[in-house]
Amino acid sequence: MPGMRINILRIVMMSAGLSVCGQGLAQAPEPPPQAVAAGFQTLAFNDEFSVDSFTSAATTRLWWESFHFFPPPVGIIEMLPGGGVVRLTTPGTSPHTHLVNHPVNDAPYGDGYLFGYFEARMRFLPGTNADVANSWGAFWLFSKPAIENNVSNADGSKTWCEIDVAEMYRHGLLNTTIHSWHQPSGGTPQDTFNPVHLNVVSGDPIDGNWHTFGLLWQPGVVTWYMDDVQVTTYTHSYPVCDTQPMTPVLSVQSLAEDPQTAEVDWVRIWK
Ligand SMILES: [Ca+2]
């Protein structure tokens with residue numbers, strides 16, 4: 001993990017059929033063409049953030065704030081007035097702010113997702129007196145068995161997968177990384193990842209505007225999209241990234257220890 005990128009923040013909420021967005025009732029979601037072409041057109045997960053799906057008070061909780069890599073975040077996670085959008089704010093200091101679609105080291109929650117099309121509509125804004133170029137907001141996938149701390153091999157080592165659907169990294173740069181992690185018994189985690197993962201994008205994602213970030217995850221190959229336009233693709237040889245089911249994570253961090261904000265309109269998974 002270059003700089004041990006710890007992505008973090010994510011929120012979601014399941015709602016079948018019609019969903020409410022900030023502007024009112026919306027149509028039932030349609031899968032994007034690239035998902036349909038790959039055979040992923042069944043909506044397996046959908047959080048429109050129409051209601052609170054991330055606090056302990058939520059009756060249908062879909063997101064938690066911790067997993068075994070991280071202590072509880074120090075930032076703020078809140079619904080925006082009017083509903084429909086969740087905002088994640090970090091003061092800029094570790095452990096930042098994140099939401100994970102899984103309880104921590106607990107009884108398995110729902111299904112993990114092995115292959116499919118993963119997408120989130122998000123925007124990235126600076127916090128008070130901060131520079132949005134420092135935003136390290138992200139939408140990513142993390143190994144469900146790793147979150148459950150259940151990836152020990154016979155020799156005591158651990159292996160797990162991480163796929164970053166979208167990770168902000170300065171203006172005009174979109175970080176798209178697939179990580180194959182290996183931790184020798186008693187040792188430090190070692191990261192193997194796609195060598196070319198910083199993409200110059202024509203439409204700056206760190207500009208306060210909404211964008212849809214998507215990932216097509218198929219056996220042996222992953223392809224990233226922004227606003228349904230392909231950004232890059234990578235054919236990998238990481239067995240762990242073809243075998244471990246994943247769960248979505250939303251996060252916001254800062255590259256410069258200043259306040260940063262990420263907002264999420266929705267998260268969807270098509271299978
Ligand atoms: Ca929404």
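Could you list all residues from region 113-171 that are within 24 Å of Tyr234 (Cβ to Cβ) and of a type in the set (Lys, Arg)?
Arg121, Lys144, Lys158, Arg170
All but one of (1) over 30 Å from Ser50 (Cα atoms); (2) within 16 Å of the ligand (Cβ to nearest atom); (3) of a type outside the set (Phe, Trp, Tyr) hold for Asn199; state the number of the condition that does not hold.
Among (1) over 30 Å from Ser50 (Cα atoms); (2) within 16 Å of the ligand (Cβ to nearest atom); (3) of a type outside the set (Phe, Trp, Tyr), Asn199 violates only (2).
Can you work out which of the residues in region 42-59 that are more than 16 Å from the ligand (Cβ to nearest atom) and under 20 Å from the mean Cα position of the chain (by Cα) is farthest from Phe213 (Cα to Cα)?
Thr55
Kindly indicate whether any position in region 230-244 is touching a residue at least 12 places away in the same chain (Cβ under 8 Å), assigned to a strand (DSSP E or B), among the aliphatic types (A, V, I, L, M) and surrounded by 22 or more Cβ atoms within 10 Å (Cβ to Cβ).
Within region 230-244 (the criterion being touching a residue at least 12 places away in the same chain (Cβ under 8 Å), assigned to a strand (DSSP E or B), among the aliphatic types (A, V, I, L, M) and surrounded by 22 or more Cβ atoms within 10 Å (Cβ to Cβ)), the answer is no, since none of the residues qualifies.
If I ask for residues that are out of contact with any Lys or Arg (no Cβ under 6 Å at 6 or more places or on another chain) and not hydrophobic (A, V, I, L, M, F, W, C), which ones from region 237-250 would you list?
Ser237, Tyr238, Pro239, Asp242, Thr243, Gln244, listed by residue number.
How many residues are surrounded by fewer than 21 Cβ atoms within 10 Å (Cβ to Cβ), in a loop (DSSP other than H, G, I, E, B) and in contact with a Ser or Thr (Cβ under 8 Å, 6 or more places away or on another chain) when one looks only at region 115-150?
Adding up the residues that qualify gives 1.
Can you say whether Gly92 is on the phi > 0 side of the Ramachandran plot, at pLDDT 95 or above, crowded, with 21+ Cβ neighbours inside 10 Å and of a type outside the set (D, E, K, R), as far as the supplied structure shows?
Taking the combined requirement at face value, the residue does not satisfy it.
Of all residues in region 247-265, how many are buried (at least 21 other Cβ atoms within 10 Å of the Cβ) and touching a helix residue (DSSP H, G or I) at 6+ places or on another chain (Cβ under 6 Å)?
Total meeting the criteria: 2.
The values are calculated or read from the model by the stated rules, or taken from the named source; none is laboratory data. Fair warning: this is a prediction, and the values are worked out from it, not measured in the lab. Cβ coordinates were reconstructed from backbone atoms using ideal geometry, including for glycine residues, and neighbour counts include every protein chain displayed.
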